[in-house]
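This report concerns only the one structure given below.
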Amino acid sequence: MHFSNRTNWELGQNEFAAAIEAAKSSGCELLDLTVSNPTVCGFEYAAADLLAPLSEPAAMQYAAEPLGRLAAREAVRSYYRDAGADVAVDRLCLTTSTSEAYSFLFRLVCDAGDEVLIARPSYPLFDYIARLDDVELREYPLLYDPHGAGWVVDLHALEGAISAKTRAIVVVHPNNPTGNFASEVERAALAQLCAERGIALIVDEVFLDYALAGAEHRSFAAGEMPALCFVLSGISKVCGLPQMKTSWIATSGPDELVIAAMARLEVIADTFLSMNAPVQQALPHWLANRGGVQSQIRERMRMNLAVLDARVRGSSAQMLAMQGGWTVVLRVPREIGGKRFSFAALEHGVIVQPGEFYGLPEGRAVLSLLTPPKIWREGLAKLPMD
Ligand SMILES: Cc1ncc(COP(=O)(O)O)c(C=O)c1O
């Protein structure tokens, strides 16, 4: 039997996952500081109210609408209006996940072997999506300046990474796991670069609404955009509803490029028609009520950051500057007793992610700010960083 090379993955458990499993099976109670699934972090959801629109009669109706139902796209438009952006409904395409949106866009702008630039450090899922779509990933560095701006895009290196095969630059705004927003200066430079070189700008804004107080941030869907730009987001983060599988692409830029892109995107979406009717029926209600869970999440982030700040003071660890998003990066001792930090933490009964998972150098740990407060306090207290 022949399986495709693109699915020729190393399927075994990684060393860290195996160590967690071994600790669990030896009866260890672990404090997990990495949980980022909001449905298991103790937030209150108005479940009956959120589920009600799924049983409305209109949820039973079906029509093939590749870009998504008009009322659902109107609701996304209204979400952007609240963010100061005017996005026409014919520039919106609904998808079942942000991952699916990436895949649609890779197929829209890349032929096999074409290149997409992504930041390092960043979110590990890109490797899989790109490989499935026969796209090559190239990296551009984010640099950390502890005394100044925190994380910044190395624009010089980014420009150097562009080749004749580069079709898109991906920006995660704010980035996962580093939590930096693209600054206005970076935004202008990226947009100009993409416009000049005929490259698409793909901006993942799933965490846009989770900015820390005072962080400068603006949706890339707002204001003038000289390049063809695709902004991605979805309700797994915006409404804390990952189980509902609804995301979108908002396209902006010069009219003739947007019109051509949307016509092709519509055919890609029509090929799958992956959105189901009930969630589209419910989307306006969910988006209108996003404030309930968002305020709980923002409060959790604020409290957990305050506890972390107190814990790292006077310790051997340091919190790296962030502006938003659900994760925080700690600079930690590279090794403790001959063991890498995350493995040493596991021996103390605490799970933190090794920074290497995200392309960070050794001596970095990634923690989820959604962690329930009791686990957060107890886990941080046990972390070997004194
Ligand atoms: C930066 C980023 N983009 C996209 C996603 C996935 O979003 P979705 O659930 O809409 O596929 C995640 C999930 O953690 C993420 O961190």
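The values are calculated or read from the model by the stated rules, or taken from the named source; none is laboratory data. This one's a predicted model, so the numbers in the text were calculated from it and none came from an experiment. We place every Cβ from the backbone using ideal geometry, glycine too, and count neighbours over all the protein chains shown. Please note that ligands, DNA and RNA were not included when accessible areas were found on the heavy atoms of the full protein model with its side chains. Shrake-Rupley method; radii C 1.70, N 1.55, O 1.52, S 1.80 Å.
Would you call residue 259 part of a helix (DSSP H, G or I), over 21 Å from the mean Cα position of the chain (by Cα) and either on the phi < 0 side of the Ramachandran plot or more than 16 Å from the ligand (Cβ to nearest atom) (or both)? So residue 259 fits the description; yes. Of 120, 81, 131, 107, all but one fail to be open to solvent by 50 Å² or more (accessible area, probe 1.4 Å) and either within 16 Å of the ligand (Cβ to nearest atom) or of a type in the set (Val, Ile, Thr) (or both); the exception is 120.
Quick one: would you say residue 233 is open to solvent by less than 40 Å² (accessible area, probe 1.4 Å), within 16 Å of the ligand (Cβ to nearest atom) and not aliphatic (A, V, I, L, M)? Yes.
Only one entry of 350, 293 meets the criterion of being in contact (Cβ under 8 Å) with a residue 60 or more places away in the chain, of a type in the set (Val, Ile, Thr) and within 30 Å of residue 217 (Cβ to Cβ), and that entry is 293.
Candidates are the residues of region 143-152 that are open to solvent by 20 Å² or more (accessible area, probe 1.4 Å) and in a strand (DSSP E or B); the one that is nearest to residue 264 (Cα to Cα) is 152.
Of all residues in region 325-334, at least one satisfies being among the aromatic types (Phe, Trp, Tyr), outside any helix (DSSP H, G or I) and crowded, with 20+ Cβ neighbours inside 10 Å.
Evaluated against (1) away from the ligand (no atom under 11 Å from the Cβ); (2) closer than 28 Å to residue 259 by Cα; (3) surrounded by fewer than 18 Cβ atoms within 10 Å (Cβ to Cβ), residue 215 falls short on exactly one condition, (2).
The condition (being β-branched (Val, Ile, Thr) and assigned to a helix (DSSP H, G or I)) is satisfied by just one residue among 76, 87, 116: 76.
Please go through region 290-315 and pick out each residue that is of a type in the set (S, T, N, Q) and either in contact with a Leu (Cβ under 9 Å, 6 or more places away or on another chain) or at pLDDT below 95 (or both).
304, 315
Yes or no: region 305-312 includes at least one residue that is open to solvent by 10 Å² or more (accessible area, probe 1.4 Å) and closer than 21 Å to residue 20 by Cα. Within region 305-312 (the criterion being open to solvent by 10 Å² or more (accessible area, probe 1.4 Å) and closer than 21 Å to residue 20 by Cα), the answer is no, since none of the residues qualifies.
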